[in-house]
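The values are calculated or read from the model by the stated rules, or taken from the named source; none is laboratory data. Values in this document were obtained by computation on a predicted structure and should not be read as measured data. Quick reminder, even Gly has a Cβ in these numbers, built from the backbone with ideal geometry, and neighbours come from all protein chains shown.
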Amino acid sequence: MEPWSVILQQYKQEPYPLKEDFGFVALPTQELQHFFVQAEEFLSGKKYWLSMGSGDGRVENIAARIYHKEVTAIELSQELITIAETKTAQIIQAIKNPKGRIQFVHGNYVPVALRKERIPPHFNFLHGKDPYRKIKFSSFDLVYSYPWPSQIETVLECFRTCAKKEALLLLYGKYDFDAKEYGLRELKRWDKGIILEKN
Ligand SMILES: C[S@@+](CC[C@H](N)C(=O)[O-])C[C@H]1O[C@@H](n2cnc3c(N)ncnc32)[C@H](O)[C@@H]1O
């Protein structure tokens, strides 16, 4: 089967019975398909991706299986990591000659030095393993995230302070901030997404 058909079939909108909620939302996979097609012009040459808050792994499978990227995905929920790994194994089985690579890492994507109390506190997590003992934020070409509004400042701060020069930050969602205030360059803005570059 074609990779897109397998991914669309694997990721439907069924809710997961999670014991702990860290703000997971299952995006409609077709909406993500449209989003990535829109962003395609920025993706070539950006091989190493970091995903901040990977949920059930749908974005990571799109990045790996469709765009052949090497993805490191950090997620606070062990339950979602298990779901993402199971779905990824099923997708690999269903696709002939699957491309790309995904590594799911359990932990908090906010580096320990940047974990601060913030207002409002919703979905602002200060606990969780430090994933950066094993991986280096500055080794990634592109960082993807779909944060809650209360997490956007944190995500921008992580990217601004830890990403390498010319790395891209691809955010799904509606945004009205001014990238210049964060020392970043806005490359493009869509109805539901934005792509920024570290100067
Ligand atoms: C809105 S969902 C987005 C899921 C997925 N990236 C997507 O685009 O479909 C946000 C995800 O981030 C995770 N999360 C929230 N805060 C986190 C943190 N500080 N560290 C790691 N994961 C976090 C949540 O558990 C949830 O799965």
Quick check on my filter: what residues within region 108-121 are in a loop (DSSP other than H, G, I, E, B) and either surrounded by 18 or more Cβ atoms within 10 Å (Cβ to Cβ) or out of contact with any Leu (no Cβ under 9 Å at 6 or more places or on another chain) (or both)? ASN108, TYR109, VAL110, PRO111, ARG118, ILE119, PRO120, PRO121
Can you name the number of the only condition in (1) within 12 Å of the ligand (Cβ to nearest atom); (2) in contact with a Ser or Thr (Cβ under 6 Å, 6 or more places away or on another chain) that THR154 fails? (2)
Could you go through region 134-147 and let me know if any residue there is over 27 Å from TYR67 (Cα atoms) and surrounded by 13 or more Cβ atoms within 10 Å (Cβ to Cβ). no
Quick test of your reading of the structure: THR86 fulfils all but one of (1) in a loop (DSSP other than H, G, I, E, B); (2) polar (S, T, N, Q); (3) more than 13 Å from the chain's Cα centre (by Cα). Name the failing condition by number. (1)
Restricting attention to region 32-62, report how many residues are in a loop (DSSP other than H, G, I, E, B) and within 16 Å of LEU187 (Cβ to Cβ). 4
Here are some residues: LYS96, LYS12. Which one is farther than 29 Å from ARG189 by Cα, loosely packed, with under 13 Cβ neighbours inside 10 Å and at pLDDT below 95? LYS96
If I ask for residues that are more than 7 Å from the ligand (Cβ to nearest atom) and either surrounded by 15 or more Cβ atoms within 10 Å (Cβ to Cβ) or assigned to a loop (DSSP other than H, G, I, E, B) (or both), which ones from region 122-133 would you list? HIS122, ASN124, LEU126, HIS127, LYS129, ASP130, PRO131, TYR132
In this structure, is LYS165 modelled with pLDDT of 95 or more, basic (Lys, Arg) and within 28 Å of LYS87 (Cα to Cα)? no
Among the residues in region 26-49, are any crowded, with 22+ Cβ neighbours inside 10 Å, within 9 Å of the ligand (Cβ to nearest atom) and closer than 25 Å to ASN108 by Cβ? no
Select from region 63-80 the residues that are over 13 Å from the mean Cα position of the chain (by Cα) and in a helix (DSSP H, G or I) and write down the one among them that is surrounded by the fewest Cβ atoms within 10 Å (Cβ to Cβ). GLN78
